Amino acid sequence: MKKNSNLEITPEEYLALECEAEYKSEYFDGEIFAMSGATEKHNLVSGNIFAAIHAQIKKRPCKVYNNDMRV
């Protein structure tokens, strides 16, 4: 959802909308942007892959992350 050029959404308004929203979105600088969502099958596959990699490097000085991390 893109803001009207004369209307900015406040962080509080965004959080209230997000609690009721059917779809994921992201708030940035007064605007709300639609975010894609993954399917259940995708989450199961990626979760299993994460778990397998994590188990393999558990005793090493490495870290494994799943999605949505800014690096």
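Annotations for the structure displayed:
- Summed over the residues of the chain and divided among them, the accessible surface reaches 94 Å² per residue at a probe radius of 1.4 Å.
- Using alpha-carbon coordinates, inclination of helix 40-57 to the longest axis of the chain, degrees: 40
- Against the set (1) 35, 15, 9; (2) 21, 12, 10; (3) 18, 14, 10, the structure's computed semi-axes √(5λ) of the Cα gyration tensor in Å falls on (1).
- Amide H partners (placed H, <5 Å) of residue 25, local residues excluded: 35
The values are calculated or read from the model by the stated rules, or taken from the named source; none is laboratory data. Computed from a predicted model, the values in this text were never measured in an experiment. With ligands, DNA and RNA removed, areas are computed over all heavy atoms of the protein, side chains included. Shrake-Rupley method; radii C 1.70, N 1.55, O 1.52, S 1.80 Å.
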